[in-house]
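Asker: Attaching a single structure in C-alpha cells format; questions to follow.
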C-alpha cells in the first residue's frame, strides 16, 4: 500500500503534517515518531485537513492530519522518521535530517505558509505617512509570533527604523537571527512585553493560540505609540450573525475562533478598526483568515460653550449621560472660595491679588483669571483634573466662552494625545450648534462644521 504524506511543521512545540492512502482515503492511519531508530511517540490521522481532501479530490472524509509533541532543538537536528503501519508492518513515511520551515523564504516554496502572498494581503502600503516613501519608513516594528523572521526582514526592506521579533520557539528565534541579523529577537511570551512604543505591531496567524484574546488585545493597545497600527490577521467564523466563539479541531489541537461580530464589537473594543480584506488560505486552515488594521481609540474631550443661559449644562448632561462631564464653573468656585485649594500657586496668586474682594458669579471669576494672566495655569490645572482615562469627557462652563482659554486647553489636550472638539451653541433655538474639529499643530482651530 502506497502512503503519501508531508511534515508541515517540525519545531520544539509540535511536529505535524498529513498522511493519506490514496487507494483507500477513508482509512485511519496509525503513525509513530522515531528518533535514532527508537520509537518515541504515536499518533493517528484523526484531524480534519480539508485542504488535503480538496487536493486529492476527496469528498466526505477529511481526517488526514496528525500531530506529535515537539522535539528539543538538538533532537530536531538529528535524523527523525515518521513511520506508518501497513499490512507489511511499519514503513517510513518521510525522512528528514533537518526541520521543515514554516515560512516560505524568498519564494522558494519550502514552507507551510505562503508568506509572500500573505504579505501582499496585509496591504502595508496603506500605512504610508509620506507619499512616495516606503510603507514602513522610520517606523518601529514589533512582530508577535515572528517564526523564522520573514516579516521582520520585509519590514526592514520597507524602511523600518527598528524591528523586534518575539516567539516562544527557540528554534524559530535561532533561525530568525540568522535570516535578519539587523533585527532584534527574544524567545519569550507576548505577555512578557511590558514596555515599549511601537508604530506597527504585526500579529499574524497567531491569536488563536491565546485563550485570553480580549485581554491580550487590550494589553497590546498599550504598546502602540500614538497613531500606531496593529496589523491583525486571524481566522474568523463568518456564517454566524452573533457574538460567539467556535471551537474547531486543528492539526495542532482545538482552537477557538470568534465570529466577525464578536471580534469587531468586543475583542477589538479598544481600537478603531478598518477591515482590509481576506488573507490567503493555507495548509491546515479550518476557517478563512482576514486582515484588519487597528488603531487605538483616542480619548476625546468635547468643549461645550456659548452664551450664558443657552443650555450648555443640559446638553452636556445629555451627551455625557450625567457621568463623564466636567464643569469649569465648579473649578472656578473652588479656586476662589475653598481652602482645600490652598497651596496651589494659582490659588495663592488669586488670594494675593483679590485680598478681601469676593466674587460670586462664574462670569466674574473667569474674567478675573484672564485679567490676572492665569489662563495657562488654569488650563493646566483643569487638564490634571479631567478624567482622561475615560473614552469621552464633556467640559462646559463660563470659562470656555473665552477663545484664549479654549485654544490653550485644546493645545494641552492635543499634546497628551487626546482629541479635543468644540461644540458651539447658537444664540437662538433656530440656530444649529456647530462643531469645530480637533486641530493639528500649527492650524487654526476656530473653523466650525455646521
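The values are calculated or read from the model by the stated rules, or taken from the named source; none is laboratory data. Please read these numbers as outputs of a predicted model, since none were measured by experiment. Glycine gets a Cβ as well: all are built from the backbone with ideal geometry, and neighbour counts include every protein chain shown.
Asker: Are there any strands (runs of 3 or more DSSP E) wholly within segment 268-307 with 1 or more residues that are surrounded by fewer than 17 Cβ atoms within 10 Å (Cβ to Cβ), on the phi < 0 side of the Ramachandran plot and more than 13 Å from the chain's Cα centre (by Cα), and if so which? Explain how you work it out, then say what you get.
Answerer: Working: elements: 271-278, 289-296, 300-305.
Per the criteria, 271-278.
Asker: May I ask you to verify whether residue 111 is surrounded by fewer than 15 Cβ atoms within 10 Å (Cβ to Cβ), in a loop (DSSP other than H, G, I, E, B) and either modelled with pLDDT under 75 or touching a strand residue (DSSP E or B) at 6+ places or on another chain (Cβ under 8 Å) (or both)?
Answerer: Details: surrounded by fewer than 15 Cβ atoms within 10 Å (Cβ to Cβ): no; in a loop (DSSP other than H, G, I, E, B): yes; either modelled with pLDDT under 75 or touching a strand residue (DSSP E or B) at 6+ places or on another chain (Cβ under 8 Å) (or both): yes.
No, not satisfied.
Asker: Given the criterion part of a helix (DSSP H, G or I), within 20 Å of the chain's Cα centre (by Cα) and crowded, with 22+ Cβ neighbours inside 10 Å, identify the matching residue among 136, 217, 119, 142.
Answerer: Exactly one of 136, 217, 119, 142 is part of a helix (DSSP H, G or I), within 20 Å of the chain's Cα centre (by Cα) and crowded, with 22+ Cβ neighbours inside 10 Å, namely 217.
Asker: When you check residue 185 against the structure, is it in contact (Cβ under 8 Å) with a residue 12 or more places away in the chain and more than 20 Å from residue 9 (Cα to Cα), yes or no?
Answerer: So residue 185 fits the description; yes.
Asker: Report whether or not residue 364 is assigned by TED's automatic domain parsing to the domain that holds residue 310 and closer than 12 Å to residue 303 by Cα.
Answerer: Numbers: assigned by TED's automatic domain parsing to the domain that holds residue 310: yes; closer than 12 Å to residue 303 by Cα: no.
Judged against the criteria, residue 364 is not a match.
Asker: Can I ask one more? How many residues are exposed (fewer than 14 other Cβ atoms within 10 Å of the Cβ) and either outside the structural domain of residue 259 (by TED's automatic domain parsing) or touching a residue at least 60 places away in the same chain (Cβ under 8 Å) (or both) if we restrict to segment 223-249?
Answerer: 2
Asker: How many residues does segment 63-74 contain that are touching a strand residue (DSSP E or B) at 6+ places or on another chain (Cβ under 9 Å) and at pLDDT below 75?
Answerer: 0
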